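These notes concern the structure reproduced below.
The values are calculated or read from the model by the stated rules, or taken from the named source; none is laboratory data. The model shown is predicted, which means the values in this text are computed figures rather than measured ones. Virtual Cβ from ideal backbone geometry, glycine too; neighbours counted across all protein chains shown. Just the protein is used for accessible areas: all its heavy atoms, side chains included, with ligands, DNA and RNA removed. Shrake-Rupley method; radii C 1.70, N 1.55, O 1.52, S 1.80 Å.
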Amino acid sequence: MVRRRGPGAGAGPAPGWLREVRRVGVPLTPLGAGSWRPLALVQAALDAELAAQPERAQPVHARAAQDAQASGDGLRALRHWRAAGNHAQAARLAEELVAVYEARWEFRLVREVLDGGPAGGGGPAEASRTLRRALGQALFETGEAARGEALLRALYAEHDTPEPALLFSLGVLAARAGQPGQQLAWAEAGLRAGPSEYDHTRLLRLKASAQLALGQLQAGLDTALEATRRAEQGRALGELGAALTVAQAAYRYLGQPVACEHALRRALDVYAALDMPGRSLVLHNDLADLLRTQGRLGEALGLLRAALPVAARERSVMAAFLHETLGEVLFEQGDWAGSAAQVQAALEGCAAFGLGALPPRLWPKLAEVRLRAGDPGGAAEALAWGELCLGAGGPEAESAWAQSAALLALEEGDLPRAEAQLARVLALAASDEAVRRAGLYGLAVRQRQGTLLPGDLHTLPALLRGLPGVDAALGAELAQQPATPLPAAAPAGPILSVRTCGALAVSVDGEAVPMPLSKSGELLVYLALHGPSTRDQLVDALWDGSAERRHVEYFKVAARQLRAALSRPAGVTFNPLPFEGAATAWPQNSLWRWT
């Protein structure tokens, strides 16, 4: 950039330089306030020519650095100080910039300052321990976990008395790896090391999150609220938002959703006022998950889809968590393919960011999604991977794995294995939801065994409270078609079996009967649940209240195809789908087996 300089400002362009430059055809972009910038190709050529003349380059870059710093463009100033060879000034400016960017969670900009990029020039030759520590944390916060961890551990090994900021970074590293005990140890060591007020506050919230992960819920809330008070007293708004983020998690674990949402929205207001989109990502994720549990799926979906591009732009570790939560929302909407894609994206993010705590709960979810999508082989593969990392996940991850293993066993007809895994879930009692899901699928196992009694269904309303739609559908099936023991004597006619747990499967006396159309399968399931129904009732139910002619005609096709499919097995010598005023599937009703 070229700027007119006033009297006493030092060497500058000769009088009339602008007229001469324009006369020879050099393209310039006016920036205002007497400044112009050459186009990019011209700028590159001028920079190369200047670099070949070191005696001129040093004062030119020094002047450019002063101008950039005066105009508030710190990154450009840093680049010019480095080009001028003034490493002391570059180091001072780098520390100032890094302090600002770290407080705002703008780790991508920390890397630009310290690790190449527009302001870097290949790495911080002038880097102090403070800058090397900041670079280490920025690396694992932006997807280079192994390199960041190596740098932080090397710094720790250099001194017997590491500074509190380094202990904080090591604590964050332990949190990412799913090691809450080590995280707590680093936080407490940092608090004992005489930290600054800023470090004291963030070490407190690091300690609080470790306590929550270790199940010390009230202690974690108390520590988070202490961090909140210190941040308010010190007017550290960035740390106030971070402390509120931990406090809302504690409220949620303690079953206080109103206090949880209040803390979340207060923290979001703080970060909005500070214009800190990177810090808001945690809150958007947690608020979306809270909305999901309240059944507000549309609101949750909007939050997540707005936050994911920000996470990608910032190269934020939160991308993995956002993908996980989006996978949960899509799961509850019955979008199995979309849910599986999001869980897979979350797993890929775990690999990039070195997240050890997340995969133990992601693999069981991927297993269940694949099972719901009719891919038991893929579900078994996901469970195998999940079993390898169970040690890093704690009781909740082990419970989720056992639940998915039970569903797979139920799908495969291995009822003893399903019972054993559900008993494991009940013994772990990792959460109220996990216990209720295990109870619900225990009823499904007993139905399959033929041991479910009508009195067993009295517990259904309590079991279904707050469970996702797919579980509610199973509850409805159990309530309407309770299983009873089959008669001891062999039935006189063929048995029609319909399985709806997982992909729809229909068989007659063990012979598979493929459904010719998806609506044929839906028609069969509806008749099994509701019994004899008129054509109008069926069209209304299968096409969401539509009475259009095209739907009526398609219903006739689906009914004919279903009748033909059920007639093919050798033992079927009767009309399997009679229609005399009302349709009835399989008129010999005692020979149904509903699973």
* What about Arg252, is it under 24 Å from Glu433 (Cα atoms), in contact with a Leu (Cβ under 8 Å, 6 or more places away or on another chain) and modelled with pLDDT under 95? -> yes
* Asked: Within the range 441-448, is even one residue open to solvent by 30 Å² or more (accessible area, probe 1.4 Å) and either in a helix (DSSP H, G or I) or touching a His at 6+ places or on another chain (Cβ under 6 Å) (or both)?
  -> yes
* Out of curiosity, is Gly181 part of a helix (DSSP H, G or I), open to solvent by less than 60 Å² (accessible area, probe 1.4 Å) and more than 28 Å from Glu314 (Cβ to Cβ)? -> yes
* Take the residues in the range 327-344 that are surrounded by fewer than 18 Cβ atoms within 10 Å (Cβ to Cβ) and aliphatic (A, V, I, L, M), then tell me which one is nearest to Leu281 (Cα to Cα). => Ala341
* To do: State all residues of the range 544-570 that are of a type outside the set (Asp, Glu), open to solvent by 40 Å² or more (accessible area, probe 1.4 Å) and outside any helix (DSSP H, G or I); if no residue qualifies, say none.
  => Gly545, Ala547, Arg568, Ala570
* Picking from Ala340, Ala312, Ala272, which residue would you name as being closer than 25 Å to Arg202 by Cβ and among the small types (Gly, Ala, Ser)? -> Ala272
* To do: Taking the options Thr500, Thr484, name whichever one is under 25 Å from Arg560 (Cα atoms) and at pLDDT below 80.
  => Thr500
* Asked: Here are some residues: Glu381, Glu314, Glu324. Which one is open to solvent by 40 Å² or more (accessible area, probe 1.4 Å) and out of contact with any Phe, Trp or Tyr (no Cβ under 7 Å at 6 or more places or on another chain)?
  -> Glu381
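Quick one: which helices (runs of 4 or more DSSP H) sit completely within the range 190-291 and have at least 3 residues that are closer than 22 Å to Leu308 by Cα and open to solvent by less than 50 Å² (accessible area, probe 1.4 Å)?
Per the criteria, 237-253, 257-274.
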* Structure fact -> If we ask which residues in the range 347-382 are aliphatic (A, V, I, L, M) and more than 18 Å from the chain's Cα centre (by Cα), their number turns out to be 4
* Give the residue, chosen from Ala165, Ala154, that is modelled with pLDDT of 85 or more, part of a helix (DSSP H, G or I), open to solvent by less than 60 Å² (accessible area, probe 1.4 Å) and more than 26 Å from Glu239 (Cβ to Cβ). => Ala154
* Whichever residue in the range 503-529 is touching a Leu at 6+ places or on another chain (Cβ under 9 Å) and among the acidic types (Asp, Glu) and, among such residues, is modelled with the lowest pLDDT -> Asp509
